[in-house]
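Undergrad: Sharing a structure with you now.
The values are calculated or read from the model by the stated rules, or taken from the named source; none is laboratory data. In this text the structure is predicted, and so the values were computed from the model without any measurement. Reconstructed Cβ throughout: ideal geometry from the backbone, glycine too, with neighbour counts over all protein chains shown.
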Amino acid sequence: MRIAQLQRKTNETDIAINLNLDGGEVDINTGIGFFDHMLTALAVHSGFGLKISAKGDLQVDGHHTVEDVGIVLGMAFAKALGDKGGIARFGNMSIPMDEALSSVVLDISGRPFLVFCARFEQEKVGDFDSCLCEEFFRAFAFNAGITLHANSLYGTNTHHQIESLFKALAHALKMAVVQIDGGVLSTKGTL
């Protein structure tokens, strides 16, 4: 089964994640309402079972919590995939949300990289700093070993832009982890 359970505790955060790439319960609590909404959308649209409990130094701001959730979720994702054998490996999706359109293209390559192109007009969505969207994507991609290109192509409502990015990520991941016959999809035979 493609399951991972991880906990990471630092002086700034305490994160526990249960991830099941093949489905299951979704229960998210980070203390940041909009971020919970985005992580729930990520789980629901990818079809992943995902439980996240995060306690962070929110009296400072949300940065450590958002980044550390990305780190631990990326680590859990990599652990759940193991050697990455028998998966489609690549995924891409464009998702509209009203006036906003986002595209995510990814490769579960073992070579972490992030290209993130988005301009957000509003600095905050609820209690979530808009700039933390990129921090989450970076932390997740680098700890999951994913080459990730995320683009908010256009939009004027920051909530819509960020939500379309998370949903596009979810659908691209869902496509990339589909099980296929054979070993690792690489001419090298390994990733």
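Undergrad: Only one of (1) under 17 Å from GLU134 (Cα atoms); (2) touching a helix residue (DSSP H, G or I) at 6+ places or on another chain (Cβ under 6 Å) is not met by ASP57, so which one is it?
TA: (1)
Undergrad: Report yes if some residue within segment 121-129 is in contact (Cβ under 8 Å) with a residue 60 or more places away in the chain, in contact with a helix residue (DSSP H, G or I) (Cβ under 9 Å, 6 or more places away or on another chain) and among the hydrophobic types (A, V, I, L, M, F, W, C); otherwise report no.
TA: Within segment 121-129, one or more residues are in contact (Cβ under 8 Å) with a residue 60 or more places away in the chain, in contact with a helix residue (DSSP H, G or I) (Cβ under 9 Å, 6 or more places away or on another chain) and among the hydrophobic types (A, V, I, L, M, F, W, C).
Undergrad: Then there is this: Which one of these does THR40 not meet: (1) touching a helix residue (DSSP H, G or I) at 6+ places or on another chain (Cβ under 7 Å); (2) under 27 Å from HIS160 (Cβ atoms)?
TA: It fails just one condition, (1).
Undergrad: Only one residue in ASP57, ASP83 is under 29 Å from GLU121 (Cβ atoms) and touching a residue at least 40 places away in the same chain (Cβ under 8 Å). Which one?
TA: Unique residue meeting the criteria: ASP57.
Undergrad: So, in segment 168-188, how many residues would count as being modelled with pLDDT under 80 and not small (Gly, Ala, Ser)?
TA: 4
Undergrad: Check every one of the strands (runs of 3 or more DSSP E) wholly within segment 59-157 and list those with 1 or more residues that are surrounded by 21 or more Cβ atoms within 10 Å (Cβ to Cβ).
TA: 90-97, 100-107, 147-154
Undergrad: Moving on. Restricting to segment 54-99, count the residues that are polar (S, T, N, Q) and within 23 Å of GLY145 (Cβ to Cβ).
TA: The number of residues fulfilling the criteria is 2.
Undergrad: Checking GLU67 against (1) touching a Lys or Arg at 6+ places or on another chain (Cβ under 9 Å); (2) farther than 27 Å from ILE180 by Cα; (3) modelled with pLDDT under 95, which test does it fail?
TA: If we test GLU67 against (1) touching a Lys or Arg at 6+ places or on another chain (Cβ under 9 Å); (2) farther than 27 Å from ILE180 by Cα; (3) modelled with pLDDT under 95, just (3) comes out false.
Undergrad: Further question on the same structure: Could you say which residue among LEU6, LEU19, LEU42 is within 17 Å of ALA144 (Cβ to Cβ), out of contact with any strand residue (DSSP E or B) (no Cβ under 7 Å at 6 or more places or on another chain) and not in a loop (DSSP other than H, G, I, E, B)?
TA: LEU42
Undergrad: Residue check: is ASP107 modelled with pLDDT of 95 or more, touching a Phe, Trp or Tyr at 6+ places or on another chain (Cβ under 7 Å), more than 29 Å from ASP61 (Cα to Cα) and not basic (Lys, Arg)?
TA: Taking the combined requirement at face value, the residue satisfies it.
Undergrad: Can you find even one residue in segment 2-13 that is surrounded by 22 or more Cβ atoms within 10 Å (Cβ to Cβ), farther than 17 Å from VAL177 by Cα and of a type in the set (A, V, I, L, M, F, W, C)?
TA: Within segment 2-13 (the criterion being surrounded by 22 or more Cβ atoms within 10 Å (Cβ to Cβ), farther than 17 Å from VAL177 by Cα and of a type in the set (A, V, I, L, M, F, W, C)), the answer is no, since none of the residues qualifies.
Undergrad: Please enumerate the residues belonging to segment 111-145 that are among the aromatic types (Phe, Trp, Tyr) and closer than 18 Å to MET38 by Cα.
TA: PHE116, PHE120, PHE128, PHE136, PHE137, PHE140
Undergrad: Report whether or not ASN157 is at pLDDT 95 or above, more than 15 Å from PHE34 (Cα to Cα) and not basic (Lys, Arg).
TA: no
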